[in-house]
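**Q** This structure is in structure tokens; I'll ask about it shortly.
The values are calculated or read from the model by the stated rules, or taken from the named source; none is laboratory data. From a predicted model like this one, the values you see are computed outputs, not experimental measurements. As a convention, Cβ positions derive from the backbone with ideal geometry for all residues, glycine included, and neighbour counts pool all protein chains shown.
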Amino acid sequence: MPSFENKLSEVVTRHIPGCTELIAVERLSGGASQETYRLTLAIDGQEVLMAMRRSPGGEFVEPVAARPGLDVEAMLMRAAKAEGVPEPEVYYLLSREDDLGDGFIMQWLEGEALGARIVRSPDYKAVRPGLARECGRILARIHQIDLDRTALQERLTIIPPEAFLDQMLERYYLLDTPQPMIDYTARWLRDHLPSEFRLTLVHNDFRNGNFLIDKQGIVAILDWEVAHIGDPMRDLGWMCTNSWRFGGDQPVGGFGEYQDLFAGYEEVSGQVVDPEHVKFWEVFGSFWWSIGCLGMAEHYRTGPDQSVERPAIGRRSSECLVDCINLIIPGKVELVEDPGNIDEDMPRVDELVLSVRDFLRQEVMSQLQGRNQFLARVAGNSLDIALRDMATGTEHRRREHDRLKEYFKSQDPLTVLRRRLVKALRNGEISINDERIKEHLRQTVVNQIAIDQPKYSGFLRAING
């Protein structure tokens, strides 16, 4: 059976004009939803870089409402480029005969895509002050794309705000994991649904980390895989969601202010931006990604991609939930303290975990490169979560249980009481203005993020006010 490289070599030499050889192929780090590769090709006697984007594991994926497929993603990129949105050229769409899965080959563009570097690197100090306004202008161009002329109207799903909320709740219910803060946030969103909105093309994942920049500005918008037709303010709210600020203090991608994003959008679109409308979608963004993270953990359990990255992303759900706390029910919290080591075993369990984590970081990572090095780092971070849970997790869950026992006047196990709380939030038995419930959710969510990611900016905001 031909190898991946052999099949790819046949594709590029047959379909890329002037290509005589596939010199090298490298899978890049990240890409939890889709795979991205850097290709080095021999074209007309020169080495030329290109990129390939394909489905995880090289699968052929039937399009669903929330994910229209990589062929539509290629259509979207071509339509956006024609509208003046910075995009790479798409050269070839993979077919089933290629036996490489769904995907396409496109122009390689140099630039920085890592959100943390965009926020912090001195290389981009000069460009950062104008990025929020540039994002606003680009989003306005995306929202102006003619859906009929580009035939996208026929290929994309229409998802108004209420339908989007219902869609995400259905996905959450299927996971069958009780997360009371998700249900609370859903109630808040239901009460604050936008009453007036337009229907346009929505990128749906426009954020820091999903575009390339250089020292002049944005080079390309990436990852169109969840585009739909809906409320355009979804894109502005997602751009401001704290998950994508990468520790930066400013609300737009960690590098800019709301007013600059809105001004850029208004400049091109002529539409006045309502900040409260955007706030709804900012809250929705954290709600949406909290469920998306749990879905990554479910993908690890069911396949086909069971990489160490999937469950690690699953634990990021608590980051999103603490952002919801900060946006809609901020307040004081009491953190569980680490009691120190009281286990007299030699070695202790935490020492065993610590030794594996340090081996990964100090020995293994230096011997790896590319995606494998990235995954080794992820593995080390997962072991850090396990260590923190050993230290404070038991007490954190005991306090959660005590609060619920007192509230419901019940001695049922914690898992039963969590489900009882979730059910009561869903059916309206408990008001979202119940101060005891808000206090319980704050304490529970903030102490969970202290275990999962104590360096997360939302956690620091929650404990510092």
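**Q** Please name all residue pairs, on different chains or six or more residues apart, with Cβ atoms under 7 Å, provided the first residue is in the stretch 118-132 and is among the basic types (Lys, Arg) and the second residue is not in a helix (DSSP H, G or I).
**A** As it stands, the answer is 128/255, since those pairs meet every condition given.
**Q** (1) over 30 Å from residue 303 (Cβ atoms); (2) modelled with pLDDT of 95 or more: which one isn't true of residue 45, the others all being true?
**A** (2)
**Q** One residue is enough: does the stretch 87-109 have a residue meeting the conditions more than 24 Å from the chain's Cα centre (by Cα), part of a helix (DSSP H, G or I) and in contact (Cβ under 8 Å) with a residue 60 or more places away in the chain?
**A** Yes: the stretch 87-109 contains one or more residues that are more than 24 Å from the chain's Cα centre (by Cα), part of a helix (DSSP H, G or I) and in contact (Cβ under 8 Å) with a residue 60 or more places away in the chain.
**Q** Residue under question is residue 318, and the condition is that it be in contact with an Asp or Glu (Cβ under 6 Å, 6 or more places away or on another chain) and either under 30 Å from residue 280 (Cα atoms) or surrounded by 12 or more Cβ atoms within 10 Å (Cβ to Cβ) (or both); does it hold?
**A** Yes: the conditions hold for residue 318.
**Q** If you check residue 95 against the conditions, is it farther than 22 Å from residue 17 by Cα and polar (S, T, N, Q)?
**A** Considered against the rule, which asks whether it is farther than 22 Å from residue 17 by Cα and polar (S, T, N, Q), residue 95 comes out as no.
**Q** List, please: which pairs have Cβ atoms under 9 Å, are six or more places apart or on different chains, and start with a residue in the stretch 267-283 that is among the aromatic types (Phe, Trp, Tyr) and end with one that is surrounded by fewer than 16 Cβ atoms within 10 Å (Cβ to Cβ)?
**A** Short answer, once both residue conditions are applied: 280/193.
**Q** Search the stretch 132-168 for residues being small (Gly, Ala, Ser) and under 21 Å from the mean Cα position of the chain (by Cα), and hand back the single one that is nearest to residue 74 (Cα to Cα).
**A** Selected residue: 136.
**Q** Continuing with the same structure: Name the pairs whose Cβ atoms lie under 6 Å apart, with the first residue in the stretch 138-167 and touching a residue at least 12 places away in the same chain (Cβ under 8 Å), the second of a type in the set (S, T, N, Q) and part of a helix (DSSP H, G or I), and 6 or more positions between them or separate chains?
**A** 140/269; 147/153
**Q** Related question: Exactly one condition in (1) surrounded by 17 or more Cβ atoms within 10 Å (Cβ to Cβ); (2) farther than 23 Å from residue 454 by Cβ; (3) of a type outside the set (S, T, N, Q); (4) free of Cβ contacts under 8 Å to residues at least 60 places away in the same chain is not met by residue 368; state its number.
**A** Failed condition: (1).
**Q** Sticking with this structure for a sec: Assess whether residue 393 counts as being in a helix (DSSP H, G or I) and free of Cβ contacts under 8 Å to residues at least 40 places away in the same chain.
**A** Against the criterion (in a helix (DSSP H, G or I) and free of Cβ contacts under 8 Å to residues at least 40 places away in the same chain), residue 393 does not qualify.
**Q** Now a separate question. Within the stretch 273-309, which residues are buried (at least 21 other Cβ atoms within 10 Å of the Cβ) and charged (D, E, K, R)?
**A** If the condition is that a residue be buried (at least 21 other Cβ atoms within 10 Å of the Cβ) and charged (D, E, K, R), then 282, 309 are the ones that fit.
**Q** In addition: Name the single residue, out of those in the stretch 48-78 being among the acidic types (Asp, Glu) and more than 21 Å from residue 25 (Cβ to Cβ), that is modelled with the lowest pLDDT.
**A** The residue in question is 62.
**Q** Let me ask something else. Can you tell me which condition residue 430 does not meet? The list is (1) closer than 26 Å to residue 173 by Cα; (2) part of a helix (DSSP H, G or I), and all the others hold.
**A** (2)
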